[in-house]
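Chemist: Just passing along the structure, written as C-alpha cells.
Every read-out reported here was derived from the displayed coordinates using simple, explicitly stated rules and does not represent laboratory data. None of the values given here were measured: they were computed from a predicted structure. Cβ sites come from the backbone with ideal geometry, for glycine too, and all protein chains shown count toward neighbours.
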Amino acid sequence: MRVLTADHPLIAHKLTYLRKKDTDSPTFRRLADELVTLLAYEATREVRTEPFDIETPVSATQGVKLSSPKPLVVPILRAGLGMLDGMVRLLPTAEVGFLGMLRDEQTFEAKTYANRLPDDLSGRQCYVLDPMLATGGTLAMSIRYLVDRGADDITAVTLLAAPEGIEALGEQIADLDVPVTLVTGAVDERLNEQGYIVPGLGDAGDRLYGVV
Ligand code: URA
C-alpha cells in the first residue's frame, strides 16, 4: 500500500481548525468539505484518462477525458458522507456507491450494515472516503468488498490516520492483487485505549452530524 500524506500549508491550517473542540458543526462540515477537495486533487493524480479530439476556436487538437468506466466514489456511512461533496466537486461525472460500516465499540471490529454498489466493478477505479483511519478494520473490509466485486485500483482518502491503523490496514490487505493508495491529510501520534486517534478531532460522525 502506498501512503501519501498531504503536505500543504492550507491543509495544515484547515485541519487545525477542524481539530479544535469548540469548532461548531456547520464550520466543521465546511472545513471537512474544503479539505477533501484539496485531498481529492492529490488522490486523483492517477485517475485514468483517454485521448479526446476537440476543436478550439483556433485549431484542432487532442486533449484527454476521463476514461470509461467512470471512477466510483464510495463514502463509508456515516462519517464518509461528510466527504462526498468535496470529492465529487472535482469528479462530477463519477458514480457514487454507498457502504455502511459500523464499528463495534468493544471489539473495534467493522461490520457491514448497508450497501448500495454496482455488482460488477470490473475495471473500476474506486475512491473510498472515510475521515478517520483508526484501527484500519473498516477500511480493510471496505477495500476487500470492492476488490471482491472486481475493482482494480483503490484509493482511500482520509482526513487523519493513526500510525497503528496504517500498519494494520497494510497487513490486512497485503494479499490483494490490486494497487491501493492511501491519501491522508495527516498522520497523528497514536490510537488511545478507546480507539480514538490522538490528538485527532474526536468522533468525526458526531462532529459532522451530532450525537445520534
Ligand atoms: N473514528 C472517529 O470518528 N474518531 C477517531 O478518533 C477514531 C475513529
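Chemist: Mind computing the radius of gyration and Dmax over the alpha-carbon atoms of region 42-109? Å is fine for both.
Modeler: Both quantities, over Cα of region 42-109: 17.7, 65 Å.
Chemist: Using the count of nearby Cβ atoms within 10 Å as a rough guide to exposure, how do D175, D152 rank from fewest to most?
Modeler: By the 10 Å Cβ count, ascending: D175, D152.
Chemist: Arrange Y127, Y209, Y145 by Cβ neighbour counts within 10 Å, fewest through most, would you? Don't jump to the answer; show the numbers that get you there.
Modeler: Values: Y127 26, Y209 16, Y145 19.
If I rank by nearby Cβ atoms, fewest first, I get Y209, Y145, Y127.
Chemist: Expressed as an acute angle from 0 to 90° and rounded to the nearest 10, what is the orientation of the C-alpha long axis of helix 163-172 relative to the principal long axis of the chain?
Modeler: That helix lies at roughly 60 degrees to the long axis.
Chemist: How many angstrom lie between the Cα centre of region 97-145 and the Cα centre of region 14-53?
Modeler: Taking the Cα centre of each part, region 97-145 and region 14-53 sit 19 Å apart.
Chemist: If you restrict to DSSP beta bridges whose two residues both lie in region 29-185, what percentage is antiparallel, to the nearest 5?
Modeler: Numbers: 13 of 33 bridges.
Approximately 40 percent, going by the DSSP bridge assignments.
Chemist: Name the most mobile residue of F52, F98, F28, meaning the one with the largest mean-square fluctuation, in a Gaussian network model of the chain with Cα contacts below 10 Å.
Modeler: F52
Chemist: Ranked highest first by the average count of other Cβ atoms within 10 Å around their residues, in what order do 196-203, 89-96 fall? Walk me through the numbers on the way to the answer.
Modeler: Values: 196-203: 17.2, 89-96: 14.6.
Peptide ranking by packing, descending: 196-203, 89-96.
Chemist: Let me ask another. Between A12, A43, A110, where does the largest GNM mean-square fluctuation fall for the chain, given springs only between Cα atoms within less than 10 Å?
Modeler: Sorting by GNM fluctuation, first place goes to A12.
Chemist: Another one. By average Cβ neighbour count within 10 Å, what is the ranking of 113-125, 181-193 from highest down? Please list the in-between numbers first.
Modeler: Numbers: 113-125: 14.3, 181-193: 18.2.
The peptides rank, most packed first, as 181-193, 113-125.
Chemist: Next question. In vacuo Debye scattering of the chain, one point per C-alpha: log10 I(q)/I(0) at q = 0.11, 0.12 Å⁻¹?
Modeler: -0.51, -0.60
Chemist: I would also like to ask the following. What residue among V128, V58, V180 has the largest mean-square fluctuation in a Gaussian network model of the chain, using Cα springs under 10 Å?
Modeler: Highest fluctuation of the listed residues: V58.
Chemist: Here is a further query. Compute the distance in nm between two label points, each set 7 Å from the Cα along the Cα-to-Cβ direction, one at L4 and one at S25.
Modeler: Rounded to a tenth, the inter-label distance reads 3.3 nm.
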